[in-house]
Amino acid sequence: MVRSQASVPKRRGTSRIKMLRGDAQVYIMLLLPLIWLFVFSYLPMYGVLIGFTRYNIAKGLGESTWVGFQNFSRFFSTPSAMSTVTNTIAVSLYALIAGIPCPIILAILLNECHNLPYKKTVQMITYAPYFISTVVMVAMMMQLLDQHTGIVNRAIKALGFEPVNFLAKKGMFRHLYVWSGVWQSTGFNAIIYISALNAVDPAQHEAAIIDGASRLQRIWYIDLPCIVPTATILFILNCGSIMNVGFEKVYLMQNTANLSVSEVLSTYIYKMGMLNLDYGYSAAVNLFNSLINLLLVVSVNGITRKMGQNSLW
């Protein structure tokens with residue numbers, strides 16, 4: 001009896017070794033991305049200590065003066081800190097709210113279109129803007145909205161109105177930033193929802209048609225519930241980047257006239273770190289930004305899980 005009990009762990013150990021040997025190729029393939037993740041995502045986390053120092057690039061991290069939370073308190077006591085955080089949240093929430101329904105509507109419309117050549121043409125045209133670089137995108141906006149030579153202002157003049165300097169108006173900055181992004185990403189995001197719609201069982205639509213359901217009713221009661229899990233996951237991921245407003249696009253659209261509404265955390269960190277060479281302070285602000293994003297992801301994921309929806313974990 002004692003011999004049989006002692007042999008059980010041994011057998012379990014040998015079975016696990018055999019299992020590892022059998023899946024050796026899979027684990028080797030998994031090892032490469034894990035090494036990449038460790039080297040480029042976890043090792044650089046040591047650099048967050050810069051935010052707690054008065055960093056001197058000549059001395060390095062080890063010999064720089066340790067200041068604790070002084071950089072954080074300095075940021076929170078700065079008059080422009082609150083406006084910078086407010087601008088970041090306002091632009092991100094605006095982009096999040098505007099960006100959710102557009103790809104869903106486009107995906108449903110394409111799914112309901114039975115003319116295959118027309119469907120592929122529309123999908124290609126709406127997907128193409130995603131490949132436009134940020135610099136080219138902002139340059140296009142400047143050309144179209146130029147106060148003197150832009151086609152938009154030429155149309156305004158033709159209607160008998162005065163030309164408008166859109167890029168210099170503070171009230172227009174968020175609208176231009178958000179809706180240009182929606183135009184650029186709607187086609188790409190719609191592909192994700194089209195894939196979810198393709199998983200809908202055609203028998204459900206056939207049964208609904210027999211029961212007398214209209215097309216709108218079938219979309220509301222069959223297609224939309226199928227999209228909800230995908231939309232929930234994308235919503236959680238987007239909430240995790242609320243504080244990370246795209247630096248390139250905001251920085252290129254910035255000017256002295258709209259600076260009060262266009263200064264966000266990413267541009268503020270760039271100016272403090274790269275232009276003012278205040279590395280410790282900029283690292284502290286960036287760490288604060290990352291912590292807010294982490295809290296948002298955890299909170300939204302927990303809320304969606306309690307509501308019975310899909311969640312990341």
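Listing for the model above:
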| quantity | calculated |
| --- | --- |
| Reach of Lys157 by Cα under 15 Å, taken over aspartates and glutamates that are not fewer than 8 positions away in the same chain | Asp146 |
| Cα point-scatterer Debye curve for the chain, base-10 log of I(q)/I(0) at q = 0.13, 0.16 Å⁻¹ | -1.16, -1.35 |
| Cα convex hull volume per residue for the range 171-251 (Å³) | 117 Å³ |
| Geometric extent, Cα atoms of the range 201-313 - Rg, Dmax (angstrom) | 21.8, 70 |
| Distance from the range 120-160 to the range 261-309 (C-alpha centre basis), Å | 31 Å |
| Sum of -39500 (n - 2.57) over DSSP H runs of 4+, divided by residues of the chain (222 nm, nearest 500) | -21500 deg cm²/dmol |
| Asn165 long-range amide H proximity, modeled H, under 5 Å | none |
| Cα lying deepest toward the dipole's positive end in the chain, options Phe40, Phe166, Ser133, charges on Cβ | Phe40 |
| Unsatisfied cross-links (Cα-Cα over 19 Å) in the set Lys169/Lys249; Lys59/Lys271; Lys170/Lys249 | Lys59/Lys271 |
| Kirkwood Rh in Å, taken over all unlike Cα pairs in the range 90-140 | 12.9 Å |
| Alpha-carbon Rg with Dmax, taken over the range 138-286, Å | 22.4, 70 |
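Where a number appears in this text, it was derived from the coordinates with a stated rule and is not lab data. Keep in mind it's a predicted model, so treat the numbers as computed, not measured. Positions of Cβ are backbone-derived with ideal geometry, glycine not excepted, and every protein chain shown enters the neighbour counts.
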